[in-house]
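All remarks here apply to the structure that follows.
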Amino acid sequence: MKLQFYLRFYTRFGQELYITGLESLPGQTGPVPMTYLNDEYWTAVIHLPADCDASFTYQYLLQEADGTPVREWGNDRAVSLKQWHGRDLHLVDAWNQPGAFENAFYTAPFQEILLPGHKPKKAKAPKHPSLVFKVKAPLLGKQEQLCICGSGPALGDWDPDQAVLMQPDGNWWTVALNVPKESFPISYKYGVYNHNSKKFKYFESGDNRQLFGDADDTVTLVHDGFARFLNNTWRGAGVAIPLFSLRSKKGHGVGEFTDIALLVDWARTTGLKLIQLLPVNDTCSTGTWTDSYPYNAISAFALHPLYLNLETVAGKKHAALIKHYKKKREALNELAAVDYEAVMADKMEALRLLYEASAGEWLEEEGFQEFYTANKHWLVPYAAFCHLRDRFGTTRFDQWKQHSQYDEAAITRYVSPRLRHHDQVRFYYYLQYQLHLQLETAARYAHKHGVVLKGDIPIGIARYSCDAWVNPSLYHLDQQAGAPPDAFAPKGQNWGFPTYNWEQMKQDGFAWWKQRFEQMSRYFDAFRIDHVLGFFRIWSIPVTAVEGIMGTFVPAIPVQRQEFTDRNIWFEYHRYTRPYITEKMLVDIFGDSRGYVEEVFLQSTGFGEYLFQPDFDTQAKVAAWFAALKPDDDRQWIKQHLLDFHSNIILIEAPGSKGQAFHFRFAVDQTSSFQSLEIPTRQALQDLYIDYYFRRQDHHWQIDAMDKLPALKAATNMLVCGEDLGLVPACVPTVMNQLGILSLELQRMPKEAGHEFFHPDKAPYLSVVTPSTHDMSTVRGWWEEDRGATQRFFNQELGQWGEAPLHCEPWISKAIVIQHLHSPAMWSIFQLQDLLACEESLRPADPADERINVPAVAQHYWRYRMPLTLEALGKEKHFNATLKEMIKTAER
């Protein structure tokens, strides 16, 4: 038996093509190299025993001239040799470009929820066909069926009324035919047939397709890629809100998993097709309100007990146990914002009562056994971690008296049922099982009613998390992830997360990430990659620093010392790398307190300049000293100035370079250290700075991203959306386009240089457009921040004449929402606050009350709650009807 592969692919010099996935065939041990045939095809031949009846699924792999591998998308070309009874096969294929937007329609939200199923008119297939066509057409209507028409009697002689109907088979539409050898070569096209009206509708666009055949007795299998229809017409709208922000009549002062059903009901009423939530992982680290930060998870897998509905856990059997919480629940539910500590205290107390009352009955449930088996790899370490946290009063495992270093065998013994504390450990199995049941139920309800759930994958994990305890080698624990300075956070952002050790993660094929995606896919259909730029390079801040401004990009190609000489820059190591502190600065900043500052924190060099004393020679040491003072100590004002002194540098030495390689401090031209240099030196340094940040790194970052993202995206069938905001390298759009990752387009954060705003009608199809995110003010809040910007937006983006209103009136909010709904982007997603702002009666008086997070505030209290209950929102007939009509009009 001979298998002859033909791939339609136009290559450039130096590129090579391979076939993968053939290892199940006799004699095949790895990728099969292909041979250039002509400008249109590459080919490869495999010889097999005539009785071979193996099945295989194969892909093509492109190797670039520099050795970089590029995989095509999908893994659905399946062949069973048994059905062909030893006949030779010709497999004629089209390369599936990963960035083709049609691939998005084969992800979970579209295949399982949004796109209609088909019940086509059946057609009889021949027993021994000589030609099989397979092609994809994701956006056919419910009454539509794919057909094929072309030259020769078998294809209808180009008569649309004689077109051959195709049948759905997995992702493909397929038809098997007997075509005589003399009919080759054939030309053909795919078309659409309406099996309701029983009429041919139209052909695909483009030139006729051509197929050449051989004169021997072979079977030809054609995988034609996508039918050439207008496949970028589907658009949907969604709502974004943190789960804790939901408000319902039966809530316990916070949104809960059971509230998702109410939100789904409202989404259906208005025509919204997607609900986007912030992370819902467990963040219980300190037991205080600082745990409200949803991106600081102590486990990338465990869910947060905050979101459990007590009544559902109790059921009728144990309802009496939680009856006395009713008054507390009602009081908390009346609050304008979440009281995190009070809610958690109530819930954890009640959940322990319910756990004790259950007497372990849940352990025998089939559902728990399945849950435990599927999640044991993270559940057991997590439960042990939580018990040790409770026992020692901290998540700082480096301070635990036992098990400060994770040992799998030791922890297996620690959670043994024979030990006295096992019941306390098992409590966390119980919590996670109940959370799983409630979120799974919510997800099923959403799916049943045609609504997609979109989750959020944080870029980091808590420094003292279960993940870092179990696998410390996967993280750089001496570094902190963050973001460089921008208009929203002028001193940068320090998120405190350890950065990832990607080289170590790659060793096992990114197993931790794949497990994370698998866990998330149990509940969510799509996800947002928080700070996708971190997969290209991460802003890495040493643990000795406090502010994000002290970071550098990793990886990054540093500036070599010789480069300063090459550019005629006199290199002064201490002047460029030490904090620049002068006598004049001390006088100007501290005035009469200068003497105290100098005596306690600094030491003079003898030349009118100063250094920090050893006890204060890092930002972390400065911050720790002031943290020991009382908050109202009259010396606290000194702290920020000392932190600013630390960041008043020009270069940061690359670790291990022995003074030979350096990174530029971000926004170096804004430092007084830089401004005190002579003009020629400043200009030469500025040129080198621009080269460092905006030229030399880009290709390096692209290679780094392509080393990770293709494998990670291939590990899940969820729809992948990237949050690509901030200082975006030029390579990011290229990589995201190549991989089909949806970008995020934000009206007030244009990615194109020289533009103040981004207009939604310029969005690419594979994108999400939104007027605001949880990390910034809502549209109403932004409207009042900068009068000049608001006026320009009013005239230029909204096309309005005259002076802009002082406040963002409802008609303006509505106009902005409509702009986004009419965008060509696949998705327009709105914060709930921006939708409610379209109705005067549903918006709070103060726009500041709509804000969820302030990134510049390191310890922000995440406690926003929607102003009315979901039940009440469902009854807002005028608002809901208006929103529904806006969405319906935009989708026509």
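The values are calculated or read from the model by the stated rules, or taken from the named source; none is laboratory data. On a predicted model such as this, the values are computed, not experimentally measured, just so you know. Because the Cβ atoms are built from the backbone with ideal geometry, glycine has one as well, and the counts that use them run over all protein chains shown. All accessible areas refer to the heavy atoms of the entire protein, side chains included, with ligands and DNA or RNA removed. Shrake-Rupley method; radii C 1.70, N 1.55, O 1.52, S 1.80 Å.
Enumerate the lysines that Lys621 could reach by cross-link, defined here as Cα to Cα under 19 Å, with residues fewer than 8 away along the same chain left out.
Lys491, Lys630, Lys639
Ignoring ligands, DNA and RNA, what percent of the 1.4 Å accessible area of region 554-612 is carbon and sulfur? Could the numbers behind the result be given before it?
Numbers: 1740 of 3490 Å².
So the carbon and sulfur contribution to the accessible surface is 50 percent.
Below 15 angstrom from the Cβ of Gln519, what's the summed charge of the other residues (Lys, Arg +1; Asp, Glu -1)?
Overall, the nearby charge balance is -3.
Quickly estimate the mean residue ellipticity at 222 nm for the chain, helices only: each DSSP H run with n ≥ 4 gives -39500 (n - 2.57), and the total goes over all residues, rounded to 500.
After summing the helix terms and dividing by the residues of the chain, the value is -8500 deg cm²/dmol.
With a 1.4 Å probe and every protein chain left in place, work out the accessible area per residue of region 580-735 in Å², rounded to a whole number.
Numbers: 7340 Å² over 156 residues.
Solvent-accessible surface per residue comes out at 47 Å².
Let me check something: with ligands and nucleic acids excluded, how do His324, His85 order by accessible area (1.4 Å probe), largest to smallest?
His85, His324
Out of the total accessible area of region 671-828 (probe 1.4 Å, heavy atoms of protein only), what percent is carbon and sulfur?
54 percent
If I stretch the segment between Glu563 and Lys401 completely, what's the gain in nm (0.36 nm per residue apart, minus their alpha carbon distance), one decimal?
Here the answer is 53.3 nm.
Can you give the percent of C-alpha pairs in region 614-657 whose distance is more than 14 Å? List each step's numbers first, then the result.
Details: 519 of 946 pairs.
In whole percent, the share of Cα-Cα pairs in region 614-657 beyond 14 Å is 55.
Suppose R0 equals 35 Å; then what is the FRET efficiency for Ala845 and Ala624 from their Cβ-Cβ distance, rounded to the nearest 0.05?
0.25
Sort the following peptides by mean Cβ neighbour count (other Cβ atoms within 10 Å, averaged over residues), highest first: 36-42, 262-268.
The packing order, highest mean first, is 262-268, 36-42.
Suppose accessible area is computed on protein heavy atoms with a 1.4 Å probe; arrange Ser743, Ser672 from highest to lowest.
Numbers: Ser743 15, Ser672 40 Å².
Result, largest first: Ser672, Ser743.
Once you have a ≥ b ≥ c as the square roots of the Cα gyration tensor eigenvalues for region 406-542, tell me rounded if a/c is under 1.5, and otherwise prolate or oblate according to whether a/b is larger than b/c.
The shape class here is oblate.
Please report, ordered by residue number, every helix of the chain (full DSSP H runs) that is 20 Å or longer along its axis going by C-alpha atoms and whose mean Kyte-Doolittle hydropathy reaches 0.0.
Once both thresholds are applied, what remains is 340-358.
What is the sum of charges, Lys and Arg at +1 and Asp and Glu at -1, for the other residues whose Cβ falls under 14 Å from the Cβ of Met505?
Around Met505, the charge tally is -1.
Compare the peptides 431-437, 647-653, 705-711, 693-699 by average per-residue count of other Cβ atoms within 10 angstrom and give them in order, highest first.
By packing density, highest mean first, the sequence is 431-437, 647-653, 705-711, 693-699.
From the square roots a ≥ b ≥ c of the eigenvalues of the alpha-carbon gyration tensor of region 41-181, which class results: rounded (a/c under 1.5), prolate (a/b over b/c), or oblate? Could the numbers behind the result be given before it?
On the way: a/c = 1.73, a/b = 1.09, b/c = 1.58.
It comes out oblate by the Cα gyration axes.
How much of Thr35 can a 1.4 Å solvent probe reach, expressed as accessible area in Å² and rounded to 10?
80 Å²
Using a 1.4 angstrom probe, figure out how much accessible area region 315-421 has per residue, in square angstrom, rounded to the nearest whole.
Each residue of region 315-421 exposes 59 Å² on average to a 1.4 Å probe.
From Cα coordinates alone, what are the radius of gyration and Dmax values for the chain in angstrom?
30.9, 101
Let me check I've understood the local charge: for Glu547, count other residues with C-beta under 15 angstrom from its C-beta, Lys and Arg +1, Asp and Glu -1. What total comes out?
Once all neighbours under 15 Å are counted, the net charge is +2.
Per residue, how much accessible area does region 145-287 have with a 1.4 Å probe, in Å²?
Working: 5310 Å² over 143 residues.
About 37 Å² of surface per residue is accessible.
Any aspartates and glutamates with Cα under 13 Å of the Lys198 Cα? List them, leaving off those in the same chain fewer than 8 positions away.
Glu144, Asp161
If packing is taken as the average number of other Cβ atoms within 10 Å across a peptide's residues, how do 87-94, 197-204, 133-140 rank, most packed first?
Values: 87-94: 19.6, 197-204: 13.5, 133-140: 21.6.
Ranking, from highest mean packing down: 133-140, 87-94, 197-204.
So, with a 1.4 angstrom probe, what is the percent of accessible area on region 214-258 that is carbon and sulfur?
53 percent
Starting from the Cα gyration tensor of region 567-721, take the square roots of the eigenvalues, sort them a ≥ b ≥ c, and report rounded, prolate or oblate (rounded when a/c is under 1.5, otherwise prolate if a/b is larger than b/c, else oblate).
Taking the square roots of the gyration eigenvalues as a ≥ b ≥ c, region 567-721 is oblate.
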